[in-house]
1. Could you tell me the relative contact order of the range 94-293? Use alpha-carbon pairs under 8 Å, at least six residues apart, and round to a whole percent.
2. Note down the nm distance, to one decimal, between modelled labels 7 Å out along Cα→Cβ at Asp168 and at Arg28.
3. For the range 198-294, which GluC sites (Glu not before Pro) are both in a DSSP coil and crowded by at most 11 other Cβ atoms within 10 Å?
4. Measure up Lys121/Lys239; Lys204/Lys277; Lys141/Lys179; Lys121/Lys263; Lys96/Lys263 against 31 Å on the Cα-Cα distance and list the ones that go over.
5. Under a point spin-label approximation (7 Å from Cα along Cα-to-Cβ), what is the Glu149-Lys179 distance to one decimal in nm?
6. Can you compute the modelled spin-label distance between Leu254 and Glu98, with each label point 7 Å from Cα toward Cβ, in nm?
7. Given R₀ = 35 Å, FRET efficiency for Ser116-Asn219 by Cβ-Cβ distance, to 0.05?
8. So how do Leu108, Leu25 line up by other beta-carbon neighbours within 10 Å, fewest first?
Amino acid sequence: MDYIFDHPWELGLLLAIVLALVLELGHRVAAYFQIDQAPSRKEQMGTIRDGLFVLVSLLLGFSLTMAAVVAAFFLVVLAAAHHGFATQADFVRFSKPELLTFEEVVELEKNDPPSSSLAEKLEHLLTTPVLSNEAYFNGAKPKRPSSPELGPFLRAICWNIERGIQFDPIRIALSEPEKFDQVLAEKKDPKAKPLMPDQLKVVKQQLDILQPSDLLILNEVDYGVTRTEYRDVARDLAKALNMNYAYGVEFVELDPLNLGLEKVELEDNQAQADIQKSFDADPSRYLGMHGTAV
């Protein structure tokens with residue numbers, strides 16, 4: 001009875017075919033997890049790839065004894081490649097500076113200059129961005145837009161979203177443009193004239209421009225402010241768009257009205273009550289940050 005071990009050349013060929021399949025599978029897995037795009041791993045993956053090609057060549061010409069030695073070496077290489085799959089450890093999943101409490105925000109408003117410890121904390125807040133790579137860890141891929149005229153390109157959009165007060169229309173414009181007609185209908189001023197066909201065409205063109213964007217630069221973005229319902233605008237938009245984001249604080253809102261430390265005084269009591277309610281801050285949610293998101 002013949003055994004495959006009695007035919008080392010055939011066994012070597014079989015192992016070479018198996019290794020070639022493993023090589024192709026490893027390449028596809030690396031591309032899927034973006035391992036080969038990580039700067040610290042790109043060179044390593046190239047070395048492993050070249051090493052595997054050498055192994056395939058050796059197995060085609062070596063005897064069973066030599067094939068066993070090469071196979072053992074392949075296991076070592078495979079273990080090294082497996083270590084490469086931990087490239088996500090090279091990225092920060094989420095980080096942010098220590099945020100100010102409501103009491104500290106009030107102290108900043110009342111004391112100029114603040115205490116040294118609070119000044120140091122504020123400096124750290126203003127110079128340390130919030131970073132989130134959650135979308136990457138969840139498998140998000142770049143859009144990689146392309147056009148016949150330009151070929152592949154990167155589109156960056158800069159938009160002053162005015163604190164994010166109109167959050168839902170902004171989110172829909174960026175993630176669900178097909179629903180923007182409904183936004184226009186709901187936001188329509190009964191006293192205003194309807195948009196003309198040419199104006200609607202411009203709106204559609206602008207919505208189309210927004211869609212293949214790989215980079216959004218958003219100005220005037222609130223985080224934990226009463227006027228935007230204490231929303232983390234950058235995080236919520238990034239989540240809706242399945243994108244990573246960075247958020248930098250430009251300043252902290254210290255206006256006594258925004259903090260609820262001063263009262264609005266109007267002749268119309270009802271109007272005064274409504275406006276005052278819009279300024280009254282919730283100490284457990286107020287962060288008062290205003291900045292830029294990318």
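1. 30 percent
2. With each label placed 7 Å out from Cα toward Cβ, I get 4.4 nm.
3. Glu265, Glu267
4. Pairs exceeding 31 Å: Lys204/Lys277; Lys96/Lys263.
5. Using points 7 Å along Cα→Cβ, the separation is 3.2 nm.
6. Here the modelled spin labels are 1.9 nm apart.
7. Result of the calculation: an efficiency of 0.65.
8. Final ranking by Cβ density, sparse to dense: Leu25, Leu108.
Any read-out appearing in this document is the output of simple, stated calculations on the displayed coordinates, not a laboratory observation. What you are looking at is a predicted structure, and each value in this text was computed from that prediction instead of being measured. All Cβ positions, glycine included, derive from the backbone under ideal geometry; neighbour counts span all protein chains shown.
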